[in-house]
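Structure first, then comments.
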Amino acid sequence: MSINFTAESVLEENLINQLTSGISQWTYRNDLRTEEQLWQNVRNKLEQNNKDVLNEVPLTDQEFRQVKNQLQFSSPYEAAKWLAGENGIAKVQVQREDATLGTIRLKVINRADIAGGMSSYEVINQFESDKKNIEDRNRRFDVTLLINGLPMIHIELKNRTHPFMDAFRQVKKYSKEGKFTGIYSSLQMFVVTNGTDTRYIAAAPDTKLNEQFLVKWVDKDNAPVNQYLDFARDVLSIPMAHKMVTQYTVIDKDKKALIVLRPYQIHAIEAVREASKRQESGYVWHTTGSGKTLTSYKVARNLLSIPSIQKTIFIVDRVDLDQQTTSSFESYAEHDVIDIDETDNVNDLIKKLLSPDRTVIITTIQKLNYVMKRFNGKGDKKAEALHRLKIAFIVDECHRAVSPQKKQEIEEFFVYSLWYGFTGTPIFAENAKKALGNLARTTEEQYGKRLHEYTVKEAIHDTAVLGFQVEYKSTISEETVNDVLQQVEPDLDVSSLTKKDKEEKLPKSVYLDERHMLKVIDSIVNRSRMKLGFQKGAGQTYSAILTTSSIAQAQAYYDLFKQVKAGQSSITISEKTKSVLPDFPKIAITYSISENEEVSITNQDKMKESLRDYNDEYGTSYTLETIRAYNRNVNDRLARKKDKYLSRSEQLDLVIVVDRLLTGFDAPSLSTLFIDRQPMKPHDLIQAFSRTNRLFDKEKKYGQIVTFQTPTIFEEKVKEALVLYSNGGENVVLAPEWKEASEAFISAIEKLRKIANTPDVVDGMTRPQMKQFAKAYQQLDKAFASVQVYSEYDASLLGRDFPITAEEIEIFNGKYVNVIELLRSDSQDPDVEEVEIDIEYELESIKTEEINYEYILMLIQSFVPEENELFANQQQNEKAMKEVEQYLTDLAKNNEKLAELMKELWSNILRNPEEYRGQNVSILLEEMIQQTSYKLVENFSKKWHVKEDELAYLVSNYNPIKDKQSGEAELKRSSDYEGYKASAENPVKKLTYWKAVKQDLEKMMIDDILPLQKRN
């Protein structure tokens, strides 16, 4: 019995009813279906909301054209910058045609004006997008939400026979085709749903729409809200929808991206806001890696809207100033309605504290100390004003930045202070600090009640962070361990000891031995390629950190890596590694240096050497005097958030540290932490692990940890830490161990064999059998991709431990690709729900040599000047230019037609970057591809005298594995042999005319059009 699924049109109608019913302020406008109608609607709103400024003189057509020009943006990021407005009001400027009326500024949207005042909220559906390319056939958008006439949120629906990812792919396709331009360029948020599952994401160009950042809504207790009408009730109602696009967004200047907050961040902001109204302090426990700094920024910013709070002070420790907090805050605040003041000195801090300006002040605990010392015991006006200030202190990494004693001293000085601590690793009774008088020993004692909680278990479940894959390695054989212990204690009965006992007795000096360190290096450079993303190709690999037990050991590692790279060691870098990254590994080292200690002279000399190497590699000029700037540059280069560091020439592979970068450092492209030291304390372990588990791309599945000392003890300590911090989810947090992953792969092989024992069997399958095969192969592909990440994996295991050979996998892969094409094109069988499969599933396990199309586009985009910047980021970067050219040369080997168009665009941008200022390279290339396709279709139509519309339809639906194409009969009926015969120099005979048309069509498709549609 087949199931009749709810039609998309019904889902759409239900959504509109939900939005417009009850106390909602959304109004359904079924009269707004075209761009012209939408612009007229904006014009009406503008005139309605600006009567005082217009002074009863309506806008002329010429004046409204000025408005339209200002309301068309090159990207959602640019739209967001405009939306931030002047003091929270987004405006446009109009030079009146009547010169006596001068220049006026019109209010468009008020960020704070929710559910009343000048704001209007309208719902439209079935908007008719202009036909922009050969594939367009009556493109209509689903549902769009307008604020004051401007599209702010677009909702793409699919029915329940489709995964919600189909809706996301549709949005990405629209974006690539340039659909979200014109009046739709103001969009700030996309919602995608199939009715059952719903996600949202910040609007972005297609090359930056990353499915990893699709967000699932949860309520304040972290219960998921998936169903689309429930989501609409919680997120798209007024005032929430208005807040989502004005107050719960952040404009990240460094990434040139718009960020829409995740639900747990929003719930935490509201929880702190409510606590502050009650004059209560407290703390927020959000797992490390879930965006605490961003949340704390919004908390600091939003607290200023509470009249009873005069100042918000964000406290960082001295190390953080070398790291990312300050630069992150400055990046977030660049286009916000508040100022971020980083205090330069104590006098500057005092001046800012006493000024009437409502600002967020970033300062260190050291500077606050000096302020308190200077004014303690004084009774003058300044001291009294400071004592009585109503201050909210925000403390990120709240245990590291402020000690219990110091907090007590600050509270005694600032008597009207509120405190809000943020931590990913709270201190509980189980790991409380040692008792010291009446000082706080736990997070709750120090800051107050927990205001909101979001643990690693919930974050992994919601895909806000990744889980951890931990490998516990030993470079020392058990036999050697026994020999060493016997030498240390000759009377010891080694056979009676457990592995843990042996590790506890093992002298730490064995891990300082060069032989041990070389084995660690060998593991990093030769056995970690999958961990570091080598399968993705040059420029797209991940970065890593190696942490050691001391500065001396870090320096020794740095020297050994240099020797290995120079070919001066017994360890050699394998050809497999060099074939992907000939310059691997590009390394740096960072540690704290002081001027007074004797050992510091050596540290300074070694650091000078490291700085020289770094300067030679990257064309920088850092010295010991500019070590903070060097540290910040290492952070930026390792994190790769800025466009400048996208190209391979600017990338860093590995940074060697002792403690730096193990807390508070955010680097989504960092995949692996190598640990050659003893286990840290529970909160330090989780902090260090969490450098690796940020979301980045779909190939990054886990944060990966490899330890090289005391494996049994390390595993025990990790489990203790996870029990403490995962809120009962320790089993969810860790990836399967090697044994479990390899068993899963073997099981997937056996299941595939039951359906198709050999690849040849696939050819005779029925459609339902093909679906079963496709599903089984997808499972095998996932299991194979997973198993390759482990250090234990080696290709020689295929056909030996794993009952399938590499050759068989390759042949099965070819059969799978063909089956998917057949299933995609053949929708004749009504029994579609027999075996559900993801037609758009992307294979993970098989490495292809094809060049990544989106990576090249991102590199080229970095040479295009932004709308409001002086120069393109990469204007003088010759290394990056050579890299783009090399990629285009490599692309030409696989796809000459696409490479030719990309080379043309690249040459044009280099020749005149100003001509392309603020434009999206992806859309420009898509337009070139469509123009080329149009021309080919037009020429073919004229040559063979077939109708262009029918030909365009067949071209857009062409499937190379089908003998008879969709639309072929209609194209044949439109043909005019007599017209062809009259215009051709050497016409074919009528009997062979249609065969010749088909042959020429196939040649055009395979040689000219299909290569342009191929994206790798």
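The values are calculated or read from the model by the stated rules, or taken from the named source; none is laboratory data. Quick caveat, the model's predicted, so the values are computed rather than measured. Virtual Cβ from ideal backbone geometry, glycine too; neighbours counted across all protein chains shown. Keep in mind that these areas ignore ligands, DNA and RNA; they rest on the heavy atoms of the full protein, side chains included. Shrake-Rupley method; radii C 1.70, N 1.55, O 1.52, S 1.80 Å.
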Restricting region 263-273 to residues that are open to solvent by 10 Å² or more (accessible area, probe 1.4 Å) and either out of contact with any strand residue (DSSP E or B) (no Cβ under 9 Å at 6 or more places or on another chain) or hydrophobic (A, V, I, L, M, F, W, C) (or both), the residue that is modelled with the highest pLDDT: 271
task: Could you list, in sequence order, all residues of region 964-976 that are out of contact with any His (no Cβ under 7 Å at 6 or more places or on another chain) and surrounded by 13 or more Cβ atoms within 10 Å (Cβ to Cβ)?
output: 965, 966, 967, 968, 970, 971, 972, 974
- request: Answer yes or no: is there a residue in region 577-598 that is in a strand (DSSP E or B) and open to solvent by less than 20 Å² (accessible area, probe 1.4 Å).
  value: yes
- prompt: Taking region 722-762 as the region of interest, how many residues are among the acidic types (Asp, Glu) and more than 28 Å from the chain's Cα centre (by Cα)?
  reply: 4
task: All but one of (1) over 17 Å from residue 779 (Cα atoms); (2) assigned to a loop (DSSP other than H, G, I, E, B) hold for residue 715, so report the exception by its number.
output: (2)
query: If you check every pair at least six apart or on different chains, which have Cβ atoms under 7 Å apart with a residue in region 797-809 that is among the small types (Gly, Ala, Ser) first and a residue that is outside any loop (DSSP other than H, G, I, E, B) and open to solvent by 30 Å² or more (accessible area, probe 1.4 Å) second?
result: 806/795
message: Just the residues that are part of a loop (DSSP other than H, G, I, E, B) and either within 16 Å of residue 546 (Cα to Cα) or of a type in the set (Phe, Trp, Tyr) (or both), please, taken from region 639-665.
response: 652, 653, 658, 659, 660, 661, 662, 663, 665
field: Long-range neighbours under 7 Å by Cβ, at least six apart or interchain, first residue within 20 Å of residue 716 (Cβ to Cβ) within region 492-512, second among the hydroxyl-bearing types (Ser, Thr, Tyr) and open to solvent by 30 Å² or more (accessible area, probe 1.4 Å)
entry: 499/712; 500/712; 503/712
message: From the list 666, 643, 659, 676, exactly one residue is closer than 20 Å to residue 521 by Cβ and among the charged types (D, E, K, R). Which is it?
response: 676
query: Which of the residues belonging to region 451-503 are closer than 30 Å to residue 215 by Cα and open to solvent by 60 Å² or more (accessible area, probe 1.4 Å)?
result: 457, 461, 463
task: Can you confirm whether region 277-288 contains a residue that is within 24 Å of residue 80 (Cβ to Cβ), in contact with a Leu (Cβ under 9 Å, 6 or more places away or on another chain) and modelled with pLDDT under 95?
output: no
message: Please go through region 937-963 and give me each residue that is surrounded by 14 or more Cβ atoms within 10 Å (Cβ to Cβ) and closer than 12 Å to residue 1005 by Cα, ordered by number.
response: 937, 940, 951, 952, 954, 955, 956, 957, 958, 959
query: Taking residue 567 and the conditions (1) touching a helix residue (DSSP H, G or I) at 6+ places or on another chain (Cβ under 6 Å); (2) assigned to a loop (DSSP other than H, G, I, E, B), which numbered condition does it fall short on, given that it satisfies the others?
result: (1)
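To keep it simple, each residue is scored yes or no on (1) surrounded by fewer than 23 Cβ atoms within 10 Å (Cβ to Cβ); (2) more than 23 Å from residue 186 (Cα to Cα); (3) touching a residue at least 40 places away in the same chain (Cβ under 8 Å); (4) aromatic (Phe, Trp, Tyr).
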{"residue": "252", "(1), (2), (3), (4)": "yes, no, yes, no"}
{"residue": "261", "(1), (2), (3), (4)": "yes, no, no, no"}
{"residue": "275", "(1), (2), (3), (4)": "yes, yes, yes, no"}
{"residue": "280", "(1), (2), (3), (4)": "yes, yes, yes, no"}
{"residue": "292", "(1), (2), (3), (4)": "no, yes, yes, no"}
- line: How many residues of region 69-88 are among the charged types (D, E, K, R) and free of Cβ contacts under 8 Å to residues at least 60 places away in the same chain? The answer is 1
- line: Log entry, pairs with first residue in region 975-986 being of a type outside the set (D, E, K, R), second being exposed (fewer than 12 other Cβ atoms within 10 Å of the Cβ) and not in a loop (DSSP other than H, G, I, E, B), beta carbons closer than 8 Å, six or more apart or on different chains, reads 977/990
message: Considering only residues that are open to solvent by less than 50 Å² (accessible area, probe 1.4 Å) and not charged (D, E, K, R), which ones fall in region 54-78?
response: 54, 59, 60, 64, 66, 67, 71, 73, 74, 75, 76, 77
- prompt: If you check 684, 697, 676, which single one turns out to be closer than 26 Å to residue 782 by Cβ and charged (D, E, K, R)?
  reply: 697
- prompt: When only residues in region 405-444 that are part of a helix (DSSP H, G or I) and either without any contact (Cβ under 8 Å) to a residue 12 or more places away in the chain or basic (Lys, Arg) (or both) count, which is least open to solvent (accessible area, probe 1.4 Å)?
  reply: 407
task: Select, from 537, 567, the only residue that is out of contact with any strand residue (DSSP E or B) (no Cβ under 7 Å at 6 or more places or on another chain), open to solvent by 40 Å² or more (accessible area, probe 1.4 Å) and under 30 Å from residue 647 (Cβ atoms).
output: 567
message: Where the second residue is open to solvent by less than 50 Å² (accessible area, probe 1.4 Å) and the first is farther than 17 Å from residue 808 by Cβ and lies in region 741-752, which pairs have Cβ atoms under 6 Å and are six or more apart or on separate chains?
response: 741/787; 742/787; 744/783
statement: Counting only helices (runs of 4 or more DSSP H) wholly inside region 49-123, the ones holding at least 3 residues that are modelled with pLDDT of 90 or more and more than 42 Å from the chain's Cα centre (by Cα) are 51-54
Residues located in region 298-311, provided they are within 27 Å of the chain's Cα centre (by Cα) and touching a residue at least 60 places away in the same chain (Cβ under 8 Å): 299, 300
statement: Flagged in region 707-726 as aromatic (Phe, Trp, Tyr) and either open to solvent by 30 Å² or more (accessible area, probe 1.4 Å) or closer than 13 Å to residue 686 by Cα (or both), in numbering order, are 714, 725
- request: Considering (1) under 25 Å from the mean Cα position of the chain (by Cα); (2) touching a residue at least 60 places away in the same chain (Cβ under 8 Å), say which one residue 676 fails and leave the rest.
  value: (1)
- request: For residue 429, state whether it is small (Gly, Ala, Ser) and farther than 30 Å from residue 312 by Cβ.
  value: yes
message: I want to confirm something. Restricting to region 218-240 and keeping residues that are assigned to a strand (DSSP E or B) and open to solvent by 10 Å² or more (accessible area, probe 1.4 Å), which single residue is nearest to residue 463 (Cα to Cα)?
response: 224
